[in-house]
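Note sheet for the following structure.
Where a number appears in this text, it was derived from the coordinates with a stated rule and is not lab data. All values derive from a computational prediction rather than experimental measurement. Every residue, glycine among them, receives a Cβ derived from its backbone with ideal geometry; neighbour counts consider all protein chains shown.
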Number of protein chains: 2
Amino acid sequence: MHGLIGKFRAHPGQRDTLAAILLQGINAMPGCLSYVVAEDPEDADALWITEVWDSADSHRASLALPAVREAIAKAMPLIAGFDSHVQTRPIGGHGLPAA
Amino acid sequence: MHGLIGKFRAHPGQRDTLAAILLQGINAMPGCLSYVVAEDPEDADALWITEVWDSADSHRASLALPAVREAIAKAMPLIAGFDSHVQTRPIGGHGLPAA
């Protein structure tokens, strides 16, 4: 499996709008096992995105999906920066669909 | 929802053992919506644990479950430290059970 943990920084006051965009169109991404958008309770402009994919290829392919391209185009102007971005190798857990 | 993102550091050579312990007994934790154990591909001793709970209370209550207490007791001697630990407020996503 392929995992991503990222902290996105929205422009001031834009976090809710950014979160709504990131939550659009994520239910039809082949190979996406988990995609969670979370607010940082101590940082009013920060969102944490945690993702689990069956493979890095599936993640890469998702970036070409029309709904995802549209969401990225809408989201980019709202993003001030990426505070951290980590790639992981998920090995198991609870709440993932059976492989 | 209540979320946690943590980076655990195992004592050298103990990551696989630690991961196996962390993956035990996590399927019967009431209120746990997602619990993913992932290796850090660039840090041979590091594991990332990402968790989503229906509430902070459910997470707190899980720490008293016999299976969890047993796992913590086995895991602690293998853990060299916690590199980072962030609390989040998940607002939605894909792969979470319907509320």
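Considering region B:64-99 alone, what residues qualify as being assigned to a loop (DSSP other than H, G, I, E, B), surrounded by 13 or more Cβ atoms within 10 Å (Cβ to Cβ) and on the phi < 0 side of the Ramachandran plot?
From region B:64-99, those assigned to a loop (DSSP other than H, G, I, E, B) are B:64-65, B:95-99; that's our starting set.
Okay, now just the ones that are also surrounded by 13 or more Cβ atoms within 10 Å (Cβ to Cβ), so B:65, B:95-96.
Matches in region B:64-99: B:Leu65, B:Leu96.
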Go through (1) over 11 Å from the mean Cα position of the chain (by Cα); (2) assigned to a loop (DSSP other than H, G, I, E, B); (3) of a type outside the set (Ser, Thr, Tyr) one by one and return the number of the condition A:Ala61 breaks.
-> (2)
Conditions (1) under 12 Å from the mean Cα position of the chain (by Cα); (2) surrounded by 14 or more Cβ atoms within 10 Å (Cβ to Cβ); (3) more than 7 Å from chain B (Cβ to nearest Cβ); (4) not hydroxyl-bearing (Ser, Thr, Tyr); number of the one not met by A:Ala46 = (1)
Counted residues, region B:13-45 - those being of a type in the set (Asp, Glu) and part of a helix (DSSP H, G or I) | 1
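Restricting attention to region A:51-59, does a residue exist that is closer than 13 Å to A:Leu22 by Cα, surrounded by 13 or more Cβ atoms within 10 Å (Cβ to Cβ) and within 11 Å of chain B (Cβ to nearest Cβ)?
In the first step, residues of region A:51-59 are kept if they are closer than 13 Å to A:Leu22 by Cα; the result is A:51.
Add one more test, that the residue is surrounded by 13 or more Cβ atoms within 10 Å (Cβ to Cβ), and what stays is A:51.
Add one more test, that the residue is within 11 Å of chain B (Cβ to nearest Cβ), and what stays is A:51.
Yes, because at least one residue in region A:51-59 is closer than 13 Å to A:Leu22 by Cα, surrounded by 13 or more Cβ atoms within 10 Å (Cβ to Cβ) and within 11 Å of chain B (Cβ to nearest Cβ).
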Quickly run through region A:30-43 and pick out the residues that are more than 17 Å from B:Pro97 (Cα to Cα) and within 7 Å of chain B (Cβ to nearest Cβ).
-> A:Glu39, A:Asp40, A:Pro41
